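The values are calculated or read from the model by the stated rules, or taken from the named source; none is laboratory data. It should be emphasised that the depicted structure is a prediction, and the values quoted were computed from it without experimental measurement. Backbone-built Cβ (ideal geometry, glycine too); neighbour counts: all protein chains shown.
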Amino acid sequence: MIQNANPQAEPILTVRNLTTRFRTDRGLVTAVDDVSFDIVAGETVGIVGESGCGKTVTSKSIMRLLPEHVTRIDPRSRIMFRGNNLATASEKTMREVRGDQIAMIFQEPMTSLNPVFQIGWQIEEALKYHTNLNRAQRRQRAIEMLRLVEIPNPERRVREYPHQLSGGMRQRVMIAIALCCEPDILIADEPTTALDVTIQAQILNLMEGLKRKLNTAIVLITHNLGVVAQVCDRVLVMYAGRVIESGTVHDIFHRPQHPYTQALLESIPKRGKREHGKRLPTIPGIVPSLHELPPGCRFAERCRYKQEKCVNEEPELLESGDGRSYRCFFPLTQAPVAPTVEGR
Amino acid sequence: MWSFILRRLLYNIPVYLGIILLVMALLRVRNPVYAYLGKNADEKQVEQFEKSFGLQDPFIVQYGHFLWNGARLDFGESWKYKGTTVREKLLTSIPPSLSITVPALILTTMISITVGLISAFYRGRWIDRLLVIAAVLGMSISFLVYIIFGQFVGAFLPKQAGWALQPFEISGYKPWYTMASTDIFGVTVPYPSHISPGTWVAFCLLPVLISVIVSMGYDTRFYRAVMVEECNRDYIITAKAKGATKNKIMFVHMLKNAMIPIITRIMTTLPFLITGSILLEIFFGIPGMGRTLITAITDMDYPMIQGFTAVIALLYILSIILTDVLYALVDPRVRLS
């Protein structure tokens with residue numbers, strides 16, 4: 001369990017022991033296993049990990065957007081939000097939460113907007129469900145939102161269709177839809193992955209700015225550690241459905257405790273430090289299949305510090321006193337450590 | 001848009017002329033006169049017949065004649081029904097066809113789109129399985145079984161047993177409305193002056209229901225496939241994440257996107273609205289266009305075949321142009337240019 005960066009603040013979202021299973025042809029698969037974390041108003045939490053580690057399933061479980069007939073959120077999971085447990089809440093409660101209190105944007109701006117409706121209509125739709133504004137007021141608000149996400153000529157753009165906008169513009173529209181009801185939490189599932197690098201930076205800056213303006217907490221799901229370093233306050237590192245390390249961005253980047261986090265950090269290309277002719281470090285091996293998880297530590301197979309204990313026993317998520325936690329028998333630095341000690 | 005329609009019409013003129021050319025040429029591969037008079041006809045008879053119908057003119061002249069007269073909806077006189085023009089035959093056989101095909105199309109489309117939507121939305125669950133099984137069953141049973149069963153249970157049994165409720169006639173057709181006309185500013189405007197729903201039910205409802213049951217199987221499966229594809233689109237998740245209800249997602253987000261394949265399917269069946277369902281018209285003794293055309297073919301009634309084909313081809317071309325226009329109306333990405 002992670003503690004808040006600011007221990008005084010009440011968390012607005014508390015996730016405890018979130019476990020989500022999928023029914024597949026080869027049997028039940030646990031895509032998200034016992035994940036717990038808190039979100040405090042106005043903060044940005046990053047969830048990072050390789051493809052298939054459970055980041056997206058975690059976020060869609062919170063919004064209950066997974067296809068119902070093949071997924072099952074374990075009844076012991078608790079997703080506490082404004083006094084409701086979203087893990088078991090009725091579909092009606094979920095509809096009131098979705099788009100109004102918790103909003104979401106997705107990876108593919110090219111396909112996430114409905115191609116046959118004007119973008120103004122698509123923003124107004126969310127307002128129609130969650131506010132009492134009349135038609136003219138909704139249109140007004142839609143224009144305002146487009147202006148807020150820095151789309152030029154919003155009065156004209158509201159009447160345009162998605163195919164008339166570029167990818168970056170469409171992601172701005174998605175952000176406008178997500179933020180039009182001023183939600184407490186914005187879940188951004190790889191919002192910049194499908195965009196060019198220059199547009200990525202613009203979108204991230206925009207999200208940063210709006211977060212400050214509207215005091216929205218952001219859950220940023222990404223596999224890009226550079227993005228995390230740029231915008232997040234705290235980070236959860238996931239591996240094969242589990243949280244393996246969490247803490248503040250500063251701690252994670254400067255003193256990673258888990259060998260997986262360390263390996264991830266090493267595989268980021270670094271400006272200036274690049275040694276010509278040398279390959280970028282990679283992590284050998286692949287993520288274990290969720291159908292055949294090893295009995296011990298899920299990362300043991302690929303870990304350079306692996307010992308016998310790691311293969312046979314699974315480590316618990318340990319909390320160290322300074323608000324971070326890790327799931328490793330042999331953490332890289334014993335907390336608390338002096339900040340000067342080289343972590344890797 | 002108007003310039004688009006005009007251009008499409010112009011492009012299709014050569015296509016249409018080609019169709020007419022082909023039909024007329026095919027009908028003249030063997031001398032149509034022998035086909036009509038029989039191979040024992042003597043030369044005098046043949047010559048007289050050829051003269052009276054202009055069959056001695058060169059082919060190109062006949063072709064020109066047909067086009068020129070056709071443009072004024074004059075396709076000549078039927079060989080079989082002396083004294084009756086092809087135009088009269090067309091005008092009397094279209095309403096019975098429409099009385100069955102239009103209600104059948106509307107019912108089939110509305111029911112099968114709804115069923116397809118529900119089936120797709122709950123795909124893989126019991127309600128979907130049930131609907132798919134019903135659809136496959138419906139389309140696997142022969143048209144004729146439905147006709148015979150319907151006539152027996154719906155019409156024959158109640159009459160035989162003398163039940164109070166005898167909703168259907170076994171076969172036949174009576175006009176279920178009478179036409180009158182009125183003069184508005186000197187223009188004669190026809191309008192249905194009296195409508196009798198009972199007559200329509202008695203003669204048309206049974207064939208309509210059979211047509212609905214048979215085509216629903218195919219249509220439901222088609223619309224289900226279209227909708228399943230829509231269900232997996234990213235914007236459906238976006239709509240759900242906005243707080244949309246299931247009904248809004250199905251009937252607003254999915255349906256509008258699915259309109260393109262739906263329109264294509266409906267429009268391709270439009271010409272068949274007029275031509276009617278040949279089987280149903282024959283078995284129920286309905287004097288519609290399908291039955292009239294089949295009779296004309298077996299009777300070697302050449303002017304009828306030419307006239308009917310010309311009209312059907314024209315309707316087909318018009319419906320294809322209309323399809324393109326409708327695409328542009330439902331899909332903003334389609335530009336008519």
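If you check A:Val231, A:Val249, A:Val243, which single one turns out to be away from chain B (no Cβ under 14 Å), buried (at least 22 other Cβ atoms within 10 Å of the Cβ) and in contact (Cβ under 8 Å) with a residue 60 or more places away in the chain?
Values: A:Val231 fails: buried (at least 22 other Cβ atoms within 10 Å of the Cβ); A:Val249 fails: buried (at least 22 other Cβ atoms within 10 Å of the Cβ).
Unique residue meeting the criteria: A:Val243.
Out of the residues in segment B:291-313 meeting the condition of being surrounded by fewer than 21 Cβ atoms within 10 Å (Cβ to Cβ) and within 13 Å of the chain's Cα centre (by Cα), tell me which one is modelled with the lowest pLDDT.
So the residue we want is B:Ile312.
Just name the residue that is surrounded by the most Cβ atoms within 10 Å (Cβ to Cβ) out of those in segment A:16-55 that are in a strand (DSSP E or B) and small (Gly, Ala, Ser).
A:Gly46
Confirm whether A:Glu301 is of a type outside the set (Lys, Arg) and in a loop (DSSP other than H, G, I, E, B).
For A:Glu301, the condition - of a type outside the set (Lys, Arg) and in a loop (DSSP other than H, G, I, E, B) - is not met.
Mind checking which helices (runs of 4 or more DSSP H) fall wholly inside segment B:194-249 and carry at least 1 residues that are surrounded by fewer than 18 Cβ atoms within 10 Å (Cβ to Cβ) and among the aromatic types (Phe, Trp, Tyr)?
The helices (runs of 4 or more DSSP H) meeting that bar are B:206-231.
Just checking, does segment A:227-239 include any residue being outside any helix (DSSP H, G or I) and within 24 Å of B:Asp234 (Cβ to Cβ)?
Looking through segment A:227-239, at least one residue is outside any helix (DSSP H, G or I) and within 24 Å of B:Asp234 (Cβ to Cβ).
When only residues in segment A:103-119 that are among the aliphatic types (A, V, I, L, M) and at the interface with another protein chain (Cβ under 9 Å from one of its Cβ atoms) count, which is surrounded by the fewest Cβ atoms within 10 Å (Cβ to Cβ)? Steps first, answer last, please.
Step one: list which residues in segment A:103-119 are among the aliphatic types (A, V, I, L, M), which gives A:103-105, A:110, A:113, A:116, A:119.
Checking the rest, the ones that are also at the interface with another protein chain (Cβ under 9 Å from one of its Cβ atoms) come to A:103-105, A:110, A:113, A:116.
On the way: A:Ala103: 28, A:Met104: 29, A:Ile105: 25, A:Met110: 17, A:Leu113: 24, A:Val116: 22.
Ranking the qualifying residues of segment A:103-119, first place goes to A:Met110.
Quick one: which residue in A:Arg98, A:Arg64 is in contact with a helix residue (DSSP H, G or I) (Cβ under 6 Å, 6 or more places away or on another chain), within 14 Å of another protein chain (Cβ to nearest Cβ) and over 22 Å from A:Leu214 (Cβ atoms)? Before the answer, list the steps.
Values: A:Arg98 fails: over 22 Å from A:Leu214 (Cβ atoms).
A:Arg64 is the lone residue from the list that is in contact with a helix residue (DSSP H, G or I) (Cβ under 6 Å, 6 or more places away or on another chain), within 14 Å of another protein chain (Cβ to nearest Cβ) and over 22 Å from A:Leu214 (Cβ atoms).
Restricting attention to segment A:69-87, report how many residues are in contact (Cβ under 8 Å) with a residue 40 or more places away in the chain and away from chain B (no Cβ under 14 Å).
Qualifying residue count for the region: 11.
Go through segment B:52-93 and report how many residues are closer than 15 Å to B:Ile20 by Cα and free of Cβ contacts under 8 Å to residues at least 60 places away in the same chain.
Of the residues in that region, 13 qualify.
Residues checked against (1) assigned to a helix (DSSP H, G or I); (2) within 14 Å of chain B (Cβ to nearest Cβ); (3) under 26 Å from A:Gly247 (Cβ atoms):
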{"residue": "A:Arg139", "(1), (2), (3)": "yes, no, no"}
{"residue": "A:Ala142", "(1), (2), (3)": "yes, yes, no"}
{"residue": "A:Gln171", "(1), (2), (3)": "yes, yes, no"}
{"residue": "A:Pro191", "(1), (2), (3)": "no, yes, yes"}
{"residue": "A:Ile203", "(1), (2), (3)": "yes, no, yes"}
{"residue": "A:Ile218", "(1), (2), (3)": "no, no, yes"}
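Consider A:Lys55 carefully, then state whether it is basic (Lys, Arg) and within 14 Å of another protein chain (Cβ to nearest Cβ).
Numbers: basic (Lys, Arg): yes; within 14 Å of another protein chain (Cβ to nearest Cβ): no.
No, not satisfied.
Does B:Gly54 meet the test of being exposed (fewer than 15 other Cβ atoms within 10 Å of the Cβ) and either in contact with an Asp or Glu (Cβ under 9 Å, 6 or more places away or on another chain) or among the aromatic types (Phe, Trp, Tyr) (or both)?
Criteria not met by B:Gly54.
Please state which one of B:Gly276, B:Gly307 is on the phi > 0 side of the Ramachandran plot and touching a Gly at 6+ places or on another chain (Cβ under 8 Å).
Residue meeting the stated conditions: B:Gly276.
From the list A:Glu182, A:Glu150, exactly one residue is surrounded by fewer than 19 Cβ atoms within 10 Å (Cβ to Cβ), touching a residue at least 40 places away in the same chain (Cβ under 8 Å) and not in a helix (DSSP H, G or I). Which is it?
On the way: A:Glu182 fails: touching a residue at least 40 places away in the same chain (Cβ under 8 Å).
The conditions single out A:Glu150.
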